[in-house]
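K.L.:
Can you keep this structure in mind? I'll have questions shortly.
The values are calculated or read from the model by the stated rules, or taken from the named source; none is laboratory data. Just so you know, these numbers come straight off a predicted model, no measurement behind them. Cβ atoms come from the backbone with ideal geometry, glycine included; neighbour counts cover every protein chain shown.
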Amino acid sequence: MAIDSPALKTRLARPRDWVPQWSTPAALRAVRATLVVPALFAFSIKVLGDLQVATFAAFGGFATLVLASFGGDRADKLRAHFGLAVTGSVLLVVGTAASASLPLAAVVTLIVTFLVLFGGVAGPNAASGGTAALLAYVLPAASPGTMSMVPARLGGWWLASVVGTAAVLLLSPRSPATALRDATARAAGTMADYLDAALRGDPGVSTAREAAIEAKHRLIDEFTATPYRPTGLAAADQALNSLVGLLEWCGSVIADALHEYPDLSGAPEVERKLLADATAGLRTIDRLLSGEPATPDPEELERSVQRSVEWLRDLSSDDPRYADAVHLSFHARTTAFAVGTAIVEALAATPGRARLIRPGGLSLAALTRVASPQASIRSVWFVNSLRGAAALTAAVVVAGVSGVEHGFWVVLGTLSVLRGNAAATGSTALRALAGTALGVVIGALLLLVIGTSAPALWIALPVAVLVAAYAPGALPFTAGQAAFTLTVSVLFNLLAPAGWQIGVVRIEDVAIGCAVSLVVGALFWPRGAGAVVADDLADAFRTGGAYLAAAANWALGLRHEPPAPAAASAAGARLDDALRGFLSEQGTKHVPKPDLWRLVMGTIRARLTAHSLAGLPNPHADPDPFRRMLGEQAGQLAAWYDHLASRLDRTDHGDVPMLAPPEFADPLQTHGTSVRDLACALWVHEHIKHITPRLAELVEPAGVVAAQRHRPWWR
């Protein structure tokens with residue numbers, strides 16, 4: 001990932017949590033909620049005359065229109081809203097049944113909350129709908145009620161779901177293609193232009209290089225802009241997710257190659273043909289993702305690779321051009337390998353072709369494949385889900401034991417302020433209390449002026465809903481809490497006039513919920529995602545180093561069992577999620593973001609270099625000293641990565657000497673060139689030479705992360 005992207009730096013440095021911002025999506029969300037929520041509430045009270053329907057229609061409207069923000073085209077949004085409606089219905093029934101017994105409610109809340117929050121691994125829409133689904137559970141679970149009320153409650157929930165979904169579909173801008181897909185297509189196209197300029201010997205190659213780098217930065221910015229991956233479980237989504245990583249690596253490989261060979265017009269024809277086919281492959285990816293007709297031919301790229309291999313085998317190792325030919329061939333073959341793999345993923349990411357390339361689509365098996373790597377305390381999804389489940393369970397217990405009149409607000413207060421780490425939770429809790437108090441003051445002044453006059457309250461309701469619905473992500477958190485408190489005061493005074501005292505009760509309940517969040521936050525992973533990021537970095541380096549050593553030994557013929565990438569891939573997925581969670585946490589980041597990106601790129605480089613080595617043929621020949629020495633070097637690389645990991649997760653238990661990248665002797669000078677199938681062995685040598693110089697840049701960032709782990713969490 002690019003660490004010097006201006007857009008990324010600007011986005012991460014922006015003070016989003018306290019500066020009001022204009023947001024067109026937030027404005028559309030506010031308009032939809034203002035049109036729907038008051039209308040549903042009025043219909044339920046004035047026409048149906050049922051308070052349960054009215055209550056669940058109002059809160060269901062907030063869940064559907066404010067808390068849930070689904071992406072994709074209209075079909076995607078329709079499926080997501082239907083899933084929320086069904087899931088919310090099940091949770092509503094479960095919550096109503098559990099409310100009959102406090103011990104039962106505690107157990108059920110623990111299980112339900114964990115499953116709902118952990119289910120966010122399924123994709124961005126599942127993550128976005130988690131809080132909305134929990135609202136359908138905590139409202140009945142923490143409120144007095146019986147199973148006889150379930151039909152009315154379901155009626156209100158479904159009324160809000162149907163009308164709210166219709167409003168979303170009618171008042172949402174058309175999205176012919178996602179921004180991520182567009183950014184991916186542009187990155188592939190600019191990389192093709194860059195390669196093509198070098199092949200022509202174009203003096204403007206530097207301009208093409210800058211365009212390719214900028215397009216890659218935009219792609220990474222788009223991919224990392226949310227606290228979860230912007231792709232779901234379907235085959236096309238998963239392929240697009242893989243394609244982003246492959247193109248990022250492909251861009252780095254091309255940049256490295258053209259840094260050494262900026263003018264390829266005089267390169268051997270066989271390598272020019274290979275790189276030209278790679279350029280054509282990148283243009284094919286651009287067309288596929290842009291929705292244009294394209295007929296990729298990955299076999300032609302593979303044939304060009306084989307011709308390059310045969311040309312090297314026919315070239316004598318005594319030829320003075322041999323060393324440079326192998327070096328150029330390494331760059332050309334690695335570029336072709338990255339592009340060829342990316343073409344397969346682009347085909348799978350193309351609507352209509354995904355099922356042909358990667359059958360199965362969205363299924364229980366797909367969910368299991370995505371969720372299983374996250375079932376670990378090294379996963380930010382697992383940690384945050386367990387933390388959230390413990391907090392809401394504690395809130396339910398405290399609300400039940402204390403006997404507060406409106407236990408629902410205790411649980412909702414806990415849910416609204418629980419953040420990724422204890423320090424951020426404390427800051428949010430103070431702002432939540434301040435916002436609630438502000439809302440009470442405004443509501444009290446409003447009620448003192450208009451009293452409990454129903455017409456005046458009906459006029460005030462849409463205004464309060466408008467502000468409360470616009471607030472998330474656009475207004476300060478305190479302002480959003482104040483607007484929501486005012487909305488609740490108006491709603492309850494329309495249901496049962498009680499004056500400004502309703503707001504005072506809400507302050508008490510929210511304060512209890514905030515206290516629960518603070519205690520749970522301090523007891524369960526108070527460092528939040530920061531500690532998980534360090535642990536996941538360590539895992540990614542260890543598994544990536546082990547995969548690299550195994551893949552090198554496979555390509556050298558020192559082992560004949562294909563290397564397994566599963567552990568390294570799972571560690572990479574956990575690291576990606578942990579880093580997103582860390583960057584989305586509020587509060588000061590004590591580890592500079594460029595250092596984090598540098599470490600993450602180190603793990604990606606190790607994993608994808610191993611993937612490239614695993615694609616080499618496995619020579620069935622007796623190992624010679626040349627191959628053994630290369631195998632030892634790969635083992636030393638794995639040991640170095642493990643040593644680096646021990647600094648990150650503090651498993652060294654003692655003073656760790658300053659790390660330095662391993663220095664390798666040139667095996668050609670040591671063992672000569674009398675090696676069978678020298679070209680393949682030299683490719684392994686080139687992989688090792690390519691990755692070793694980049695190790696030095698990981699030492700200092702690893703030290704920064706390690707030092708931060710020794711600081712108290714409140715600092």
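K.L.:
For the condition part of a helix (DSSP H, G or I) and out of contact with any Pro (no Cβ under 8 Å at 6 or more places or on another chain), what is the one hit in LEU328, LEU288, LEU274?
P.N.:
LEU274
K.L.:
Could you list all residues from the range 59-90 that are touching a Lys or Arg at 6+ places or on another chain (Cβ under 6 Å) and over 24 Å from VAL150 (Cβ atoms)?
P.N.:
Filtering the range 59-90 down to residues touching a Lys or Arg at 6+ places or on another chain (Cβ under 6 Å) leaves 65, 70.
Matches in the range 59-90: PHE70 only.
K.L.:
Go through (1) more than 30 Å from LEU65 (Cα to Cα); (2) modelled with pLDDT under 85 and name the single condition LEU240 misses.
P.N.:
Of the numbered conditions (1) more than 30 Å from LEU65 (Cα to Cα); (2) modelled with pLDDT under 85, the odd one out for LEU240 is (1).
K.L.:
From the set of residues in the range 259-271 that are in a helix (DSSP H, G or I) and touching a residue at least 60 places away in the same chain (Cβ under 8 Å), which is surrounded by the fewest Cβ atoms within 10 Å (Cβ to Cβ)? Explain how you work it out, then say what you get.
P.N.:
Narrowing the range 259-271 to residues in a helix (DSSP H, G or I): 259-260, 269-271.
If we keep only those that are touching a residue at least 60 places away in the same chain (Cβ under 8 Å) as well, we get 260, 271.
On the way: GLU260: 10, GLU271: 24.
It comes out as GLU260.
K.L.:
I would also like to ask the following. Which of the numbered conditions does CYS250 fail, given that it passes all the others? Conditions: (1) touching a Leu at 6+ places or on another chain (Cβ under 9 Å); (2) surrounded by fewer than 18 Cβ atoms within 10 Å (Cβ to Cβ).
P.N.:
Unmet condition: (2).
K.L.:
What single numbered condition from (1) modelled with pLDDT under 90; (2) over 20 Å from the mean Cα position of the chain (by Cα); (3) surrounded by fewer than 16 Cβ atoms within 10 Å (Cβ to Cβ) fails to hold for VAL90?
P.N.:
(1)
K.L.:
Checking the structure you have, find out if any residue of the range 176-184 is touching a residue at least 12 places away in the same chain (Cβ under 8 Å), in contact with a Phe, Trp or Tyr (Cβ under 9 Å, 6 or more places away or on another chain) and among the charged types (D, E, K, R).
P.N.:
no
K.L.:
Something else now. For THR478, state whether it is modelled with pLDDT under 85 and in a helix (DSSP H, G or I).
P.N.:
Numbers: modelled with pLDDT under 85: yes; in a helix (DSSP H, G or I): yes.
Yes, satisfied.
K.L.:
If you check ALA141 against the conditions, is it buried (at least 24 other Cβ atoms within 10 Å of the Cβ) and either more than 20 Å from GLY400 (Cβ to Cβ) or under 33 Å from the mean Cα position of the chain (by Cα) (or both)? Before you say what the answer is, go through the steps one by one.
P.N.:
Working: buried (at least 24 other Cβ atoms within 10 Å of the Cβ): yes; either more than 20 Å from GLY400 (Cβ to Cβ) or under 33 Å from the mean Cα position of the chain (by Cα) (or both): yes.
Yes.
K.L.:
Give ALA39, ALA30 a once-over and let me know the one that is surrounded by fewer than 17 Cβ atoms within 10 Å (Cβ to Cβ) and either at pLDDT 80 or above or touching a Lys or Arg at 6+ places or on another chain (Cβ under 8 Å) (or both).
P.N.:
Unique residue meeting the criteria: ALA39.
K.L.:
If we keep just the residues of the range 613-643 that are surrounded by 15 or more Cβ atoms within 10 Å (Cβ to Cβ) and of a type in the set (A, V, I, L, M), which is nearest to CYS680 (Cα to Cα)?
P.N.:
Only one residue fits best here, namely LEU616.
K.L.:
Same structure, new question: Can you tell me how many residues in the range 526-576 are outside any helix (DSSP H, G or I) and not small (Gly, Ala, Ser)?
P.N.:
So the count comes out to 9.
K.L.:
I've got another one for you. Going through the range 42-58 one residue at a time, which ones are surrounded by fewer than 24 Cβ atoms within 10 Å (Cβ to Cβ), assigned to a helix (DSSP H, G or I) and not polar (S, T, N, Q)?
P.N.:
If the condition is that a residue be surrounded by fewer than 24 Cβ atoms within 10 Å (Cβ to Cβ), assigned to a helix (DSSP H, G or I) and not polar (S, T, N, Q), then ALA42, PHE43, ILE45, LYS46, VAL47, LEU48, LEU51 are the ones that fit.
K.L.:
Please identify the pairs in which a residue from the range 378-398 that is assigned by TED's automatic domain parsing to the domain that holds PHE582 and within 14 Å of GLY413 (Cα to Cα) has its Cβ atom under 7 Å from the Cβ atom of a residue that is at pLDDT 85 or above and among the polar types (S, T, N, Q), counting only partners at least 6 apart or on another chain.
P.N.:
Filtered contacts from the range 378-398: no entries.
K.L.:
Do the conditions hold for PRO140, that is, is it in contact (Cβ under 8 Å) with a residue 24 or more places away in the chain, assigned by TED's automatic domain parsing to the domain that holds VAL411 and not in a helix (DSSP H, G or I)?
P.N.:
So PRO140 does not fit the description; no.
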